[in-house]
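What follows is a single structure, written as structure tokens, with notes after it.
Read-outs: derived from the displayed coordinates by stated rules, not from any lab. Quick caveat: nothing in here was measured; it's all calculated off a predicted structure. Every residue, glycine among them, receives a Cβ derived from its backbone with ideal geometry; neighbour counts consider all protein chains shown.
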Amino acid sequence: MEFAVSHLQTYRGKYWGCSDTHGHERSRLDQLNFLPLLLLCTMCVTGAQGDAAPPERIAVVGAGIGGSAVAHFLQQQFGTQVQIDVYEPGSIGGRLATLTVNNQHYESGSASIHSLNLHMQDFVKLLGLKHRREVAGKTAIFNGERLVLEETDWYLLNLFRLWWHYGISFLRLQMWVEEIMEKFMRIYKYQAHGHAFSSVEELLHSLGGERFINMSHRSVAESLLEVGVTQRFIDEVIAAVIRASYGQPLTVPAFVGVMSLAGAQGNMWAVEGGNKLVCRGLLKLTKASVIHARVTGIALHSTEGKTLYKLRHESDSGHGSDIYDMVIIATPLHQGGSNISFEDFEPPAKEFPGTYHHMVTSVVHGYLNSSYFGFPEPKLFPFTSILATDNPDLFFNSVENICPINVSVGFRRKQPQEAAVWKILSQRPLDRQQLKTLFRSYYSVQVTDWAAYPHYGSAPKEVPPIILHDNLYYLSGIEWAASSMEMSAVAAKNVALLAFNRWFQHQEKIDQKDLMHKLKMEL
Ligand SMILES: Cc1cc2nc3c(=O)[nH]c(=O)nc-3n(C[C@H](O)[C@H](O)[C@H](O)COP(=O)(O)OP(=O)(O)OC[C@H]3O[C@@H](n4cnc5c(N)ncnc54)[C@H](O)[C@@H]3O)c2cc1C
Ligand SMILES: *[C@@H]1O[C@H](CO)[C@@H](O)[C@H](O)[C@H]1NC(C)=O
Ligand SMILES: *[C@@H]1O[C@H](CO)[C@@H](O)[C@H](O)[C@H]1NC(C)=O
Ligand SMILES: *[C@@H]1O[C@H](CO)[C@@H](O)[C@H](O)[C@H]1NC(C)=O
Ligand SMILES: *[C@@H]1O[C@H](CO)[C@@H](O)[C@H](O)[C@H]1NC(C)=O
């Protein structure tokens, strides 16, 4: 052991010297990490020793939160001298988008962020943005005939009602969600230490073992029954929550379920001025060039024994192509998702199976028909958000009184009898009759049809790969485990670390087993 330790000292010196050349943060290592350390230093010495230059040009396809975040993280890893081009034919933000009603702006896409979504929290801090002021409101669940659950002003009474209706199910659900969130949060520690995963399965496994992998396959209903949540609670409460967030039934994978249930527990926030400010801010900070063009194809391009990527793109001003050392695809790659073709790849690269679930948001400025929910007197309608149970006769998933993206100190919600701005989530566009049912009258309706999330029943139960080729990466596949702003940010950081670790052959920072234990020993 003496011998080993003295060796370790020698190597440690080299290790630091070596890591310094890449300006890469490392934490203190101790003797227990002896073996990986040895391995690592051999690689440092033979592989990325000084001579390995960082990539010169990186292309990012898509400027949603995934693409914006990966541009930022890539620059953090590779340094400011790397040129990063971000291709986006639409508006920056992708599914983070706003629209205007009556001179005020509202979120039309992705609306809320969990307080434990630490990458989103970091971005907001880094960019000097703020959380939007909170405006209290109450939720109820509607089954097509009556409200089956009503939130009140008084927290204890809410707890009591849940207890009365659903007993221990409610507590079991909370414990389940908390335990999984706690494990999920290990990712931040791993990433802070520079660890990356070569596939979504590896990532999930490192967080919660085989159980987490199973959770990306098995339905939320099945998993909840297993931990002792009752069928009634699942049908009346869980179904409504999942339908309101993912527009899909209880067959969605458990991991997807946890994400929306964590949201339903409260502690949600949004960015003052609009969530898409995060995307804009990150791209500006990175000084990435945003190119307003659609990427149509990616081909291999070999010169001087190096494999590069030729990116074809088109815009109103015509077609073009450019050569890159590395390409990150940050847009869904199922059929029709992004329409990018792959040429000359061996084995052939192609689009992945599955489809995306369409969800329609209708932002209506009008007078809610509270009679429909059993409140003939509009003034007395106390709710700001109504979720729907999984009743096939119901034509909407949720109806919510929304606040503008800027909430000033004196802001108050409209009284229930006043005209207000409501966001309705539905499977299909609402017809006139349906609008007439929900609203006594209205001034305007703005409809957006989103390819919102993976349609979880539509593909084999495998998550698409992250590494498509040597330096060609796919970020959005993580949505098949769960889709949210934070999942895209987690995937962005993972892709940046993976690209960096592979470029400089830091194998020991990829797919490390038993990371939780190893990192504990390091502290
Ligand atoms: C209605 C709705 C509500 C939601 N609510 C929430 C919520 O409350 N909380 C939450 O966390 N998540 C929510 N989500 C999910 C969240 O919006 C997504 O998970 C997240 O925004 C995905 O970001 P992304 O960058 O990975 O993809 P996207 O935002 O889809 O970005 C991909 C970008 O790539 C561009 N692109 C496509 N094809 C090409 C091409 N060929 N070349 C170049 N660019 C291309 C697109 O224009 C797009 O801008 C919601 C989604 C919807 C639709
Ligand atoms: C995961 O699923 C497999 C097969 O369905 C099962 O055999 C295994 O026990 C499960 N593991 C855990 C930890 O739930
Ligand atoms: C809304 O908030 C953003 C971000 O804080 C700010 O830049 C913008 O000026 C605000 N707009 C209005 C109309 O208050
Ligand atoms: C891809 O092409 C199909 C067929 O032309 C089209 O319907 C679809 O909207 C395109 N997808 C995107 C994201 O542009
Ligand atoms: C409102 O809801 C009631 C009850 O469902 C319904 O009879 C009525 O037609 C709806 N529309 C209006 C405009 O009142």
With R₀ set to 51 angstrom, the calculated FRET efficiency between the beta-carbons of ILE323 and LYS436, to the nearest 0.05, is 0.35
Taking 306-315, 487-496 and ranking on average Cβ neighbours within 10 Å, highest first, one gets 487-496, 306-315
Note on the chain, DSSP bridge orientation, antiparallel percent to nearest 5 equals 70 percent
Distance in Å, no decimals, from the C-alpha centre of region 491-523 to the one of region 121-152 is 35 Å
Cα-Cα pairs in region 258-326 separated by more than 14 Å, as a whole percent of all pairs, come to 74 percent
So for R0 = 41 Å, FRET eff. of ILE467-LYS379 from the Cβ-Cβ r, to 0.05, ends up at 0.10
For the chain, longest principal axis from Cα atoms; helix 34-46 axis from its Cα atoms; angle between them, nearest 10 degrees, is 70 degrees
In degrees, nearest 10, the alpha-carbon axis of helix 200-215 is tilted away from the dominant principal axis of the alpha carbons of the chain by 50 degrees
Row for the chain, column shape: gyration tensor on C-alpha, a ≥ b ≥ c, rounded if a/c < 1.5 i.e. under 1.5, prolate if a/b over b/c, else oblate; value prolate
If the chain between ALA459 and GLU178 were fully extended at 0.36 nm per residue, the gain over the current Cα-Cα distance would be 98.3 nm
For region 222-231, in residue order, the Karplus 3J(HN,Hα) values (coefficients 6.51, -1.76, 1.60; θ = phi - 60°; whole Hz; Gly and Pro = x) are 4, 5, 6, 4, 5, 8, x, 7, 7, 4
Relative contact order of the chain (C-alpha contacts under 8 Å, at least 6 apart) in percent is 24 percent
Expected vector for region 486-491, Karplus 3J(HN,Hα) from phi with 6.51, -1.76, 1.60 and θ = phi - 60°, integer Hz, x for Gly and Pro, equals 5, 4, 5, 5, 4, 5
The ³J(HN,Hα) series, computed from each phi in region 255-260 with the Karplus coefficients 6.51, -1.76 and 1.60 at θ = phi - 60°, rounded to the nearest Hz and given as x for glycine or proline, is 5, 5, x, 4, 4, 6
Total charge of the residues flanking GLN512 in space, meaning their Cβ is under 12 Å from its Cβ, with Lys and Arg +1 and Asp and Glu -1, is -2
Given pairs LYS130/LYS276; LYS284/LYS423; LYS125/LYS509; LYS183/LYS518 and cut-off 22 Å on Cα-Cα distance, the over-length ones are LYS284/LYS423; LYS125/LYS509
Residues of region 388-419 with backbone N under 13 Å of the label point set 7 Å from the Cα of GLU272 along Cα→Cβ are 405-411
Once both label points are put 7 Å beyond Cα along the C-beta direction, the LYS513-ARG412 separation in nm becomes 6.3 nm
Rounded to 0.05, the calculated FRET efficiency for the beta carbons of THR251 and LYS306 at R₀ = 51 Å is 0.65
As straight-line cross-link partners of LYS310, the qualifying lysines (C-alpha separation under 17 Å, not fewer than 8 residues apart within one chain) are LYS350
If amide H atoms are modeled at 1.01 Å from N in the peptide plane, then the residues at a separation of 5 or more from GLU272, or on another chain, having amide H under 5 Å from its own are LYS130, HIS131, ARG132
Percent relative contact order for region 265-342, counting Cα pairs under 8 Å at least six residues apart, stands at 22 percent
